[in-house]
Structure formats: structure tokens, C-alpha cells
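Below: the structure, in C-alpha cells.
The values are calculated or read from the model by the stated rules, or taken from the named source; none is laboratory data. The model shown is predicted, which means the values in this text are computed figures rather than measured ones. So basically every Cβ, Gly included, is an ideal-geometry build from the backbone, and we count neighbours across all protein chains shown. Surface areas here come from the heavy atoms of the whole protein model, side chains and all, with no ligands, DNA or RNA. Shrake-Rupley method; radii C 1.70, N 1.55, O 1.52, S 1.80 Å.
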There are 2 protein chains.
Amino acid sequence: MRPDDEPFIALVDKTARVMRNDMLANAHRAGYAEIAPAHNAVFATLPPEGARSADMAARAGITRQSMGEVVRDMVRLGILEMVPDPSDRRAKIVTYTDYGTKVAQAGLDHIVALDRKLRDELGDDYDAARRVLARVREMLTP
Amino acid sequence: MRPDDEPFIALVDKTARVMRNDMLANAHRAGYAEIAPAHNAVFATLPPEGARSADMAARAGITRQSMGEVVRDMVRLGILEMVPDPSDRRAKIVTYTDYGTKVAQAGLDHIVALDRKLRDELGDDYDAARRVLARVREMLTP
DNA sequence: CTGATAACGTAAGGTTGCCTGTCGAAATAA
DNA sequence: TTATTTCGACAGGCAACCTTACGTTATCAG
């Protein structure tokens, strides 16, 4: 950081914000106006084959209760389904509906397109940035 | 992004989170237990010589009302002071108290130390990361 | 087999950090 | 002067989390 340079934390924080806004704006542009910021915790942790909401909560770093609420909201919106887990009667398997699969795919396409664009334009810098971010996370994770 | 790599947005988002947590933890370790996440909007936008809360709100990207609430909270905590602006009787100038200056300095020291550590350890990668983050922000800022 | 313990989803209620709408007072423009 | 804008503040609301506490089901030690 040189004098008058923005601190790294400010750079990372603002970039994270515009990326989140961009993801949300993309979903809305694609016609999925009901998508809310909190839904990201699901899209980021629910694989196509489905998962338990408790596992998703652990991966997202939020409580089971919070994940449960988001999942119920998305069920109401027709994005997710919950079916009983045949191998464990306490549990339910969360999966995408056909509609939800389209929403998730639109988001993933957007992510992949951005990553490719960054790699094409910035080349080695992009890889360096990935290393730095990973290293910072490692350094500061308690 | 290679297959099975974490998307860039996930990397940036998680790094931003651990950095924010680290800043907060540092303040608490330094004995400033009353510091809350929302206070960051003030520390990031209030220069040592003081400013108007409306200007700070604009820089932080939040509403005047929200900034006003945070500022009042920090006045209550003895971190900030508000004095009437002699040149505009509608306005008040927000400044740090002596105590608040210490809190802000502790945060700034921590930021500077981390930036230096990153530069020392990662060298050119660090500069590359800064370029990439700035570029992403520029690309996605509407 | 039985009893303790743990894990599943859920309900109820609280906290934080923002928001919109509105206001009176003061500054500025027409 | 009058109209408009800008200042901080108040009231109320909302999203996205949290903690505490259930009842149900699974698992494991004895």
C-alpha cells in the first residue's frame, strides 16, 4: 500500500459488493425478479443432485435455522423442493425444481463467463490475484 | 477458473468476510469491545479533520439517515463528537474524540501492517491482485 | 435391549444494519 | 420574496441473520 492508495481491505470489500450486485442484477435481467441476496447461500451450497439443509448451512457458514428459512422461502417461490430422505426419517433432501435449475444455471453461466473474461484479459495477474486472496484468507482464518 | 476451482466471486467474498472479521477482532483485542461492524462506515469515511455526516454517507454509499444513526451511536460511546458548523447552521461537523482517535489509529495500524506483510510476502502478486480487483470493480460498476 | 446422547428440521422471538417517508430549520436560487 | 434544496433527526419497516428451545429420529455404550 502506497500513501494515498486504497487499503487492500477496501479494495476487496468494494469488489465483493459490486460482484454480488452484479450477480443479483443478472438474475433480475434474466427475468428472475424474485431472487433475493439471501438466496445466494443456497445457490452456493446446493449441488444439482441435492443436499440436506443442515449440510448446506454448515458449508455456507450460517445456522440451520437461517438456512431452513431461506430454503422454505425458495420452496414457496417454486425454486426448490424438499423430499423426505428415505435413508433418514429426520432428514429432508433439498433439490432444485426444473425452474430452479434454470435459475441456478443462469447464475453459474454468468460466473463462468466472468471468470473466463478475467483470465483472457488479465492472464497471469488473474492467477496471482487468486493466490493472494487464498493466502489472505488462510492468514486470517482463525 | 479451472474445473473444480472456486469461482472468483466466492474467493473475493470469503476473503472480504475474513478481513472484516479480522479488523473487528483486532479492535476487540486492543480493548475496544464496543466497536460494532456498522462503525466501519464511519472509520472508512471520516478523515482526522472531521466531516459532515451527509458527506460521509455519500462516500460510504448509505443513506444520510443510516449514517446519522451510526454517528449518534458512536457519539454515545464516546468515539465521536458533533460540533455545529460555523459556516452552515444546518450542519454539524463530526470529529473523533481523543479516545476515538486512538480507536481509529489502532484500526489503521492494523490495515497498514497487513498491507505491508502482503507486499513483503507476495511481492508482484500483491500488485497484480490490486490491479485485478480494481479492474473487476471498474468492469461491473454500473 | 435400553437408555443417553446427538443430529434432523422447525418454531418463536430478538438484534443488526440498512431502508423509505417525513419533518423543521437553514441555506441558496429565481 | 418565494421556491427549492440541503442539513440532521424522528418514526416506522424490512431483510438477513442470530439464540433458545422443541419434538422426532438415529446412533451408540453398556
When only alpha-carbon atoms count, how far does the stretch A:8-140 stretch along each of its three principal axes, as whole angstroms with the largest first? 49, 36, 23
On average, how much accessible surface per residue is there in the protein assembly as shown, in Å², for a 1.4 Å probe, leaving out ligands, DNA and RNA? 57
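About its Cα centre, how strong a charge dipole does chain A have in debye, to the nearest 20, once Lys and Arg get +1 and Asp and Glu get -1 at the Cβ? Please report the intermediate quantities before stating the final value.
Working: 21 positive and 22 negative charges, 91 e Å.
The calculation lands at about 440 debye.
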Once the mean of 1/r over all distinct C-alpha pairs in the protein assembly as shown is inverted, the Kirkwood radius in Å reads 21.2
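Which value, in square angstrom to the nearest 100, describes the accessible area buried between chains A and B on both sides, using a 1.4 angstrom probe? Please report the intermediate quantities before stating the final value.
Details: alone 10330 and 10330 Å², together 16060 Å².
Heavy-atom accessible area buried at this interface is about 4600 Å².
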Given an 8 Å cut-off on Cα distances and at least 6 residues of separation, report the relative contact order of chain A as a percent. 19
Neighbour cut-off at most 12 other Cβ (10 Å), DSSP loop, trypsin sites (Lys or Arg not before Pro), the stretch B:18-100: B:R89, B:R90
Separation of the stretch B:75-109 and the stretch B:119-142 by C-alpha centroid, Å? 32
Got a sec? Charge dipole of the protein assembly as shown, +1 on Cβ for Lys and Arg, -1 for Asp and Glu; which of B:L80, A:M139, B:L108 is way out at the positive end? B:L80
Could you pull the copy-to-copy label distances for B:A58, with points set 7 Å along Cα to Cβ, in nm to one decimal and sorted shortest first? 5.0
Anyone know which of A:D98, A:D115, A:D88 comes out most mobile in the 10 Å Cα GNM of chain A? A:D88
Shielding by partners - mean other protein chain Cβ count within 10 Å, residues of B:113-125: 4
Most fluctuating residue of B:A51, B:A27, B:A128 in a GNM of chain B with Cα springs under 10 Å: which is it? B:A128
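Where in the stretch B:33-142 are there GluC sites (Glu not before Pro) that are in a DSSP coil and have at most 13 other Cβ atoms within 10 angstrom of their Cβ?
Working: sites: B:E34, B:E49, B:E69, B:E81, B:E121, B:E138; in loops: B:E34, B:E49.
For GluC sites (Glu not before Pro) across the stretch B:33-142 that sit outside H, G, I, E and B with at most 13 neighbouring Cβ atoms in 10 Å, the list reads B:E49.
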At 7 Å out from Cα toward Cβ: A:R90 inter-copy label distances (nm, ascending): 6.0
Just the number, please: carbon plus sulfur as a percent of the accessible area of the protein assembly as shown, 1.4 Å probe, no ligands or DNA/RNA counted. 53
Starting from a label point 7 Å past Cα on the Cβ side, list the distances from A:R76 to the same position in the other copies, nm, shortest first. 3.1
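So, with +1 on the Cβ of K and R and -1 on the Cβ of D and E, and no other charges, what is the size of the charge dipole of the protein assembly as shown about its Cα centre, to the nearest 20 debye? Working shown, then result.
Details: 42 positive and 44 negative charges, 141 e Å.
I would put it at about 680 debye.
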